[in-house]
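A.B. asks: Dumping the structure here so I can ask a few things about it.
Taken together, the values in this text are just the output of simple stated rules run on the coordinates, not laboratory data. Here the structure is a predicted model, which is why all the values come from computation and not from measurement. Cβ coordinates were reconstructed from backbone atoms using ideal geometry, including for glycine residues, and neighbour counts include every protein chain displayed.
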Amino acid sequence: MTSQSRIKESTSDRVFLGFIYFVLSIVLVVVAYPLLNVVSSSISASSAVTAGRVSIFPVEPTFIAYSTIFESSKLLMGYLNSIIYTVGGVIVQVTLTVLIAYPLARKQLYGRGIITALLVFTMFFSGGLIPTYLVVKSLGILDTRWALIIPGAMAVFQVIIARTFFQTTIPDELYDAAELDGCSEFGIFRRMILPLSKPIVAVLVLIYAVNNWNAYFEAMIYLNSERLFPLQIILRNILILNTQPGKILSDPERMIAMQEMATLLKYALIVVASLPVLIFYPFIQKYFVKGMMIGSLKG
Amino acid sequence: MKKLVVLLFAIILILTACTGPDSNTGNTGNAGNTGNKGNSAAEDKNKTVTLPVFTKQSAVISTYGEDNDLTKFIQDKFNVKMEWTLVSEDAILEKQNVLLASGNYPALFFGGQFNQNDQIKYGKSEILIPLNDLIAEYGPNISKAFESSPYLLKGVTAPDGNIYSLPGLEECYHCDYAQKMYINKEWLQKLNLPMPTTTDELYNTLKAFKEKDPNGNGKKDEIALTGATNWWHGEPTYYLMNSFTYASDANFLALNNGKVDINADKSEWKEGLTFIRKLYAEGLLDPQAYTQNFDGMLKVADNPDTVIMGAYTGGCCVPSIDQDGGRWSQYEVLPPVKGPNGVQLVGFFGGNVEDGQFAITDKATKEQQIKAIQIVDHFYSQEGSLDAMYGPKDIGWWDPKEGALGIDGNPALYEALEVYSREDKQPVTWDINLKYTPAVVFNGRAQGQDMTKTDGYEKFLAVQTDKLVPYKPAEIFPQAIWFNPDDAQKLAQIKTDITNYINTNAVQFISGQKDLDKEWDAYVKGFDGLGLEEFIKANQQAYDEQYK
Amino acid sequence: MAANTVTEAGSTSSVPSIHNQGRKALFRKQLRRYWQLYLMVLLPLLYIIVLKYIPMLGVQIAFKEYNIVKGMWGSDWVGLQYFKQFFSSPNFYPILINSLEISLVTLIFNFPAPIILALFLNEIRTGFFKNTVQMVTYAPHFISTVVMSGMILLFLSPTGEIGKLFNILGLVPVNFLGIADDFKYVYALTDMWQHMGYASIIYLAALSGINPDLYEAARVDGASRFKKMLHIDLPGIMPVIVILLILGTGDVLNVGFEKTYLLQNNLNLPGSEVIATYVYKVGLINANYSYSTAIGVFNSIITFVLLILVNWIARRTSEHSLW
């Protein structure tokens, strides 16, 4: 930033910058307010939450929700499983994605249009849940950990994103230069492309990691055994406690107890479930620094 | 180059490794189905039978495995080993459909969701087997339940005479009359008003609530009547409509002298809407009753410091039952008020049978079938139903103490600890509804008899419900109706369309978006295009065949 | 597109014409030269075929009367019966319109917001404020739909926070969730609130790939911040923008089931009943696999047509397109 202090900022620039700060501040407040509400509710007495007394500060602070959650032995198992699915999944996913996105970015690849069309087609046409389930079943991976890694092993959306990145950030001259140097395709990929791909890979890792971490539906469909359940499944049962309108709950004591449990736990659950991905973000973020790509290029 | 090739090889290796022979845990679809329908010749009575079971996973039960008290109890008592396929509650239907459609279903369902159409469909394809013989031979408690609750037998028997699934049944007195309105009796006392008995009196009462400042804070912050949507009979329309014609939010079909019809296109319905419209237009009916969910209504009810809610519609338990003599004790049930034509009815939901939870598929061996029926039979006994609800004896329920009384004031049959309130978080039961709890057992739980205390709330509810019994309608359209599978899909679509039509138009008239005078006729005419005639005809035919 | 500049697209004559020979030879030449690239593509393609294309054979169920015992291949053909049944519902047209409208409005609000957010964040220097904004806007993405819907119902009610805001501003609070026509805006704006931060990440990453020399040159030229944003940043991420826009159009009939279902009520139903919720309600009464598959096919066809259209427009107006 010292370079900027040498040349004086024009007034219009300063106004614009001020405007940017203003807008971002409003965004910050608008987004943060409900978030603070969630966090405060998670450490407030549930009667205060029910009566709507909590806004951004906790009322009658209590950590009982968190202690209840952490007492559960299922929670640890859920966390572990989620980490396995997330990390394992990301490795497979990023590998497959880059393996196909990079060649598709090369203009010289004959037939890349067809391949791209083949991929995109699957984004909008699908066999449906049951045929996919049957395929997964025939692969023999139902009710195993692989069931959460194989079916989602590659997202065409991500492939397109990655392909676009490769296309726009790696100039053709680089390929020519590398070929002149006598590099093979694998060589180009390994020695030139991969080092330059940090931002792309960072994006892929983040998006896949988040998707894997949040995945609930696939786990519900493909898994049967308790010990394999990821965090989201374990938490979901509590989250939906009071949203089943059709169910007639005959026992008021049970109904009241369920209501209390749900109110008490649901906010804390959000916090507990999101914390890992939230913490993960800053680590990925450093790959998005301006000029990251070209910097490594020059180096 | 090398690294890449190694990586690729590794991935291919791993993938091929896992597509090998079927892995460990024994897919629930495959386990325990040696010889399927046939009997194994030498039935070793001492052999432990594995039971692959599909059931709902409960939020409060930390495990269904060996550490679960009910699992231990059942496994010991019946010499079985439970093998669970667990699903979270909101996904039961979806997972069940996937498993069944893909052929990958387990032998048994303890927590399924089979409505009449499902039962016929799967029964006809022989995926679910008939239970009649098994019940006759191994299910004495089930047979007894059929005798004491004949509507149960009616509700589970398909037109072909077979029983394909059994539900859980709880004869809960206050649930039968759960379409209630609760009114703040302290406000009535403050304003010197009696409980209203006619629609005019109700109107005046609500008006007084709104204008005469019954909470005494000098502000016009009172909400006369509110409710909630997507919650237990929470929308006010139905309670209020019963002063003009019968209305239930569970089914828009009504029965008049054995003739199937709808009430929503009759002049009485229009009169009812006119009355409700008046309440809405004058601010006596909270518009948020149609948009807020249960949490929103509870917020109004629990309003800090000042009471602002005059009345609400719903099943129970509002305001929060937090302490003895708390704000909740200010509210009492208001019996239905008499309409201008003398109609005074209450929504009635008794004698209904829920979707089937228990079913045996064609993948079960004879031994599994027998064990399954025996277990369910146990849950249909008095002791077993308590095991299912609270956990095994001396863990979740106990013999009653000396002198303990039940909900109905009779000597208590048992005392129990509510699973969701347990402080030790011990997994004592499976939290599934697969049990038979007749009224006498439901009422037999040891309860506090003081209705101003929180432990007397059940008694409070029962006593409040007594007020409604005189207004029970003469006949209601039964919930368990069996259709021909060929028609089922078309009828399902029509039913959805009609339900949407009635509900959206009702609120549009009530909120004033549509004018009752000008647009009523068009509304009535609109039913023609929905297939109403066809729907009524099909239902009439089914009713005649099955209930006459 | 690939190096197939050969124009004889339809020559299927049995006698190999010169052009055909040219194309085949060209392909073989490419294969020999770039075989390593083709090898890389193999594994992902295998995945796509096994897990996406093989299940597609299941689409035939939309045209059959699915019988569990007979299975997919043995069930009887009923042709377009279920399509016709769906189309014949008086609700068909309204729910189609609802689905389209909600998605379109969501696209209009949700598309620019992350871009602008990314561009603005790109301008301010790294530090506490920037990190805080990024973290805070990223967080809501992880609130599950169930809790989010509950929050929306509370916040947007006339007595909730938004209602209180109206009071402060001297306006009469509006019951947004009770107005059918407003549903799409409620849906879209809350989506924007929840996902804008997360969605901006892709654009931030794209911005990081812009050559700093361009900035340097702009500064020397004396360009203002705004001009720089307009002429360097925006064009720099334009390929990503266009691609995401095209892909976003493809999502146009996929209004999220859960959120819609939880926010529905009888007052807003005329504006909130979408295909997914309608099919769910019918399915509760009777689970018919052929019916739901038929509707899925219908969805896919509409989506696909739109996608081709938008991609064609993109190809004409910019140099970026999906294929």
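A.B. asks: Once you have the Cα-Cα distance between B:LYS525 and B:GLN189, take 0.36 nm times their residue separation minus that, and quote the gain in nm to one decimal.
C.D. replies: On the way: separation 336, 0.36 × 336 = 120.96 nm, distance 4.64 nm.
Contour length minus the Cα-Cα distance gives 116.3 nm.
A.B. asks: Counting only other chains, and only Cβ atoms inside 10 Å, what mean value do you get across the residues of C:152-158?
C.D. replies: Numbers: counts 1, 9, 8, 3, 1, 7, 5.
Mean shielding count: 5.
A.B. asks: What does the net charge come to around B:MET451 if you take all other residues with beta carbon closer than 11 Å to its beta carbon, with K and R at +1 and D and E at -1? Don't skip to the answer; put the middle values down first.
C.D. replies: Details: positive: B:LYS453, B:LYS459; negative: B:ASP324, B:GLU332, B:ASP450, B:ASP455, B:GLU458.
Result for the local shell: -3.
A.B. asks: With a point put 7 Å past each Cα toward its Cβ, work out how far B:LYS537 is from C:ILE301 in nm, to one decimal.
C.D. replies: 3.0
A.B. asks: Give, to the nearest whole percent, the P(r) tail of chain B beyond 36 angstrom, counting all Cα pairs. All intermediate terms of the calculation are to be shown ahead of the outcome.
C.D. replies: Values: 65855 of 149878 pairs.
So the portion of pairs separated by more than 36 Å is 44 percent.
A.B. asks: Mark the label point 7 Å from the Cα of A:TYR33 along Cα→Cβ and return the residues of the range C:110-138 whose backbone N is within less than 11 Å of it.
C.D. replies: Flagged as within label range: none.
A.B. asks: At R0 = 60 Å, how high is the FRET efficiency between C:LEU234 and B:MET451 if r is their beta carbon distance? Nearest 0.05 is fine.
C.D. replies: Numbers: r = 70 Å, r/R0 = 1.16.
With R0 = 60 Å, the Cβ-Cβ based efficiency is 0.30.
A.B. asks: Does a label point 7 Å from the Cα of B:THR198, set along Cα-to-beta-carbon, have any residues of the range B:315-341 with amide nitrogen under 11 Å, and which are they?
C.D. replies: Answer for this model: B:338-341.
A.B. asks: Past the 25 Å Cα-Cα mark, which pairs from B:LYS56/B:LYS425; B:LYS56/C:LYS84; B:LYS371/B:LYS435; B:LYS56/B:LYS435? If you can, show how the numbers build up before the last one.
C.D. replies: Working: B:LYS56/B:LYS425 18 Å; B:LYS56/C:LYS84 36 Å; B:LYS371/B:LYS435 16 Å; B:LYS56/B:LYS435 14 Å.
Pairs exceeding the cut-off: B:LYS56/C:LYS84.
A.B. asks: Considering only the other residues whose Cβ falls under 12 Å of the Cβ of B:ASN410, what net charge follows from Lys and Arg at +1 and Asp and Glu at -1? Kindly include the intermediate steps, with their values, before the conclusion.
C.D. replies: On the way: positive: B:ARG445, B:LYS459; negative: B:ASP408.
Residues near B:ASN410 contribute +1 overall.
A.B. asks: Tell me the net charge near A:TYR21. Cut-off is 13 Å between Cβ atoms, A:TYR21 excluded, with +1 for each Lys or Arg and -1 for each Asp or Glu. Walk me through the intermediate numbers first.
C.D. replies: Values: positive: A:ARG14, C:ARG125, C:LYS130, C:ARG225; negative: A:ASP13, C:GLU123.
Residues near A:TYR21 contribute +2 overall.
A.B. asks: Per-residue mean of other chain beta-carbon atoms within 10 angstrom of the beta-carbon, peptide A:94-103? Could the numbers behind the result be given before it?
C.D. replies: Details: counts 0, 7, 8, 1, 2, 12, 9, 3, 3, 8.
That works out to 5 on average.
A.B. asks: Moving on. Report, in deg cm²/dmol and to the nearest 500, the calculated mean residue ellipticity at 222 nm for chain B, where each DSSP H run with n ≥ 4 adds -39500 (n - 2.57) and the sum is divided by the residue count. Please report the intermediate quantities before stating the final value.
C.D. replies: Working: 20 runs with 213 residues, N = 548.
Helix-only estimate at 222 nm: -11500 deg cm²/dmol.
A.B. asks: Taking every eigenvalue of the Cα gyration tensor of the range A:1-62, multiplying by 5 and rooting it, what semi-axes result, largest first, whole Å? Show your work: numbers first, answer last.
C.D. replies: Details: eigenvalues 359, 27, 7 Å².
Ellipsoid half-lengths, sorted descending, are 42, 12, 6 Å.
A.B. asks: Turning to a different aspect of this structure: Multiplying the sequence separation of C:LEU46 and C:ALA25 by 0.36 nm and subtracting their Cα-Cα distance, what value in nm do you get? The partial results should precede the final answer.
C.D. replies: Working: separation 21, 0.36 × 21 = 7.56 nm, distance 2.56 nm.
Contour length minus Cα-Cα distance gives 5.0 nm.
A.B. asks: Going toward the positive end of the dipole of chain C, with +1 on Lys and Arg Cβ and -1 on Asp and Glu Cβ, which of C:ALA314, C:THR137, C:SER88 do you reach last?
C.D. replies: Comparing the listed Cα positions along the dipole, C:ALA314 ranks first.
A.B. asks: Here is a further query. Across peptide A:140-147, how many C-beta atoms of other chains are within 10 Å of each residue C-beta, on average? Please list the in-between numbers first.
C.D. replies: On the way: counts 7, 5, 9, 9, 6, 2, 6, 1.
Mean shielding by partner chains, rounded to a whole number: 6.
A.B. asks: Ok, one more. I need the calculated FRET efficiency for the pair A:ILE56 and B:GLU282, taking r as the beta carbon distance and R₀ as 45 Å, to the nearest 0.05. List each step's numbers first, then the result.
C.D. replies: Numbers: r = 37 Å, r/R0 = 0.81.
Efficiency, rounded to the nearest 0.05: 0.80.
A.B. asks: Along Cα→Cβ, 7 Å out, is where each label goes; now give me the distance between the ones at A:LEU278 and B:LYS425 in nm to one decimal.
C.D. replies: Using points 7 Å along Cα→Cβ, the separation is 2.1 nm.
A.B. asks: Restricted to Cα positions, what overall size does the range B:362-412 have along the principal axes? Three whole-Å values, descending.
C.D. replies: 49, 22, 12
A.B. asks: Report the GluC sites (Glu not before Pro) located in the range B:328-404 that are in a DSSP loop and have at most 12 other Cβ atoms inside 10 Å of their Cβ, or state none. Write down the numbers at each step before the final one.
C.D. replies: Numbers: sites: B:GLU332, B:GLU354, B:GLU367, B:GLU383, B:GLU402; in loops: B:GLU354, B:GLU402.
Passing sites in the range B:328-404 are B:GLU402.
A.B. asks: Can you list residues whose amide H is under 5 Å from B:LYS338's amide H, if they're 5+ apart or on another chain and H is modeled 1.01 Å from N?
C.D. replies: Here the answer is B:THR198, B:THR199, since their amide H atoms fall under 5 Å of that of B:LYS338.
A.B. asks: If you don't mind, there's one more thing I want to ask. I'd like the FRET efficiency for A:SER138 and B:ALA136, computed as 1/(1 + (r/R0)^6) with the beta carbon distance as r and R0 of 45 Å, rounded to 0.05.
C.D. replies: On the way: r = 40 Å, r/R0 = 0.89.
My answer for the efficiency is 0.65.
A.B. asks: Okay, next question. Determine Rg/Rh for chain C; Rg is computed over alpha-carbon atoms and Rh is the Kirkwood hydrodynamic estimate from the same atoms. Intermediate results must be reported in sequence, preceding the final value.
C.D. replies: On the way: Rg = 25.4 Å, Rh = 24.2 Å.
Result: Rg/Rh = 1.05.
A.B. asks: With label points built 7 Å along Cα→Cβ from the Cα atoms of B:GLU545 and C:TYR185, find their separation and express it in nm.
C.D. replies: 5.2
A.B. asks: Tell me, rounded to the nearest percent, the portion of alpha carbon pairs in the protein assembly as shown spaced more than 48 Å apart. Could the numbers behind the result be given before it?
C.D. replies: Details: 236758 of 683865 pairs.
Of all Cα-Cα distances in the protein assembly as shown, 35 percent exceed 48 Å.
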